[in-house]
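**Student:** Take this structure first; my questions come after.
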Amino acid sequence: GENKEVSKKEMADTQKKQSDILAFITETQNRINTAKSLGLDVEEFEEGLKEIRELSNTKDYDTALSKGNALKKSVNETIEGSLDKVSDILEKAKATLNHAEQVMVKTEEMDSLRNQASGAFKLNRYEEALQYANEMMEKAEEPIKYRITVNLLKEAKEKITEAKENKLDTTQAEAHLKQILEEEPRHQEGLALMAQVRELDRLEKEFGTT
């Protein structure tokens with residue numbers, strides 16, 4: 001009777017190991033899919049899981065579980081590192097949207113893309129979240145740059161008017177401003193923006209106005 005008890009216990013242990021390893025394989029496959037959705041290279045992980053499946057099929061459950069734990073740790077560490085990057089990009093997208101709102105160029109489309117990015121992130125669709133966040137930032141970049149440029153030009157014009165009222169010679173500053181406006185009507189280049197910043201600095205020095 002004792003041998004029967006031992007073999008029953010062994011069978012129960014084996015069945016537990018078998019169900020553990022099957023649950024583990026499913027869970028690890030899900031984690032690998034998450035890594036894939038982050039755009040990570042998962043070839044090595046897929047190979048590792050294949051080996052664990054083979055060990056399980058040959059009933060070497062102990063080796064399968066110990067190799068499995070090492071694989072799981074490696075997959076999780078890789079995902080965590082990458083998730084931080086996704087979170088950073090979503091934070092950057094949020095800051096960009098706030099900036100767009102401050103300079104009054106925020107659109108419903110930008111809002112919608114930001115919401116889609118957040119929604120996808122919550123559903124663990126990380127690659128999708130990144131696509132929406134990056135698209136939103138691209139859409140916001142030009143209008144923000146344009147608005148900042150317009151504001152700087154407005155400020156430069158005001159400084160020139162103020163300088164004229166103070167009977168200062170503004171010929172050079174006006175010519176420079178005219179040149180910027182003619183060369184870059186929509187100011188789509190960062191270079192034009194830099195030119196205005198430099199012009200403002202020069203005006204401040206030349207006219208002593210703040």
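The values are calculated or read from the model by the stated rules, or taken from the named source; none is laboratory data. Quick caveat, the model's predicted, so the values are computed rather than measured. Every residue, glycine as well, gets a Cβ built from its backbone with ideal geometry; the counts of neighbours run over all protein chains shown. In case anyone asks, the SASA skips ligands and DNA or RNA and just uses the protein heavy atoms, side chains included. Shrake-Rupley method; radii C 1.70, N 1.55, O 1.52, S 1.80 Å.
**Student:** Please state, rounded to one decimal and in Å, the Kirkwood hydrodynamic radius that segment 63-156 gives when every pair of distinct Cα atoms enters the mean of 1/r.
**Tutor:** 15.2 Å
**Student:** Here is a further query. Give a quick list of chymotrypsin sites (Phe, Trp or Tyr not before Pro) in segment 106-141 that DSSP marks as loop, anything other than H, G, I, E or B, with at most 10 other Cβ atoms within 10 Å.
**Tutor:** Answer in residue order: no site qualifies.
**Student:** In whole percent, how big is the carbon plus sulfur part of the accessible area of segment 11-159, probe 1.4 Å, protein atoms only?
**Tutor:** Looking at segment 11-159 in its full context, I get 48 percent from C and S.
**Student:** Full extension from residue 27 to residue 6: what is 0.36 nm times the residue separation minus their Cα-Cα distance, to one decimal in nm?
**Tutor:** That pair, residue 27 and residue 6, stretches by 4.4 nm at full extension.
**Student:** With r defined as the distance between the Cβ atoms of residue 103 and residue 174 and R0 fixed at 41 Å, what FRET efficiency is calculated, to the nearest 0.05?
**Tutor:** 0.95
**Student:** Follow-up question, since we're still on this one. Based on the Cα atoms of segment 19-89, what semi-axes does the equivalent ellipsoid have, where each is the square root of 5 times one gyration tensor eigenvalue, given in whole Å with the largest first?
**Tutor:** Whole-Å semi-axes of the equivalent ellipsoid: 25, 10, 9.
**Student:** With the cut-off at 24 Å, report for segment 1-132 the share of all Cα pairs above it, as a whole percent.
**Tutor:** Cα-Cα pairs in segment 1-132 separated by more than 24 Å: 50 percent.
**Student:** What's the FRET efficiency of residue 85 with residue 63 using the Cβ-Cβ distance as r and R₀ = 41 Å, to the nearest 0.05?
**Tutor:** That gives a FRET efficiency of 0.75.
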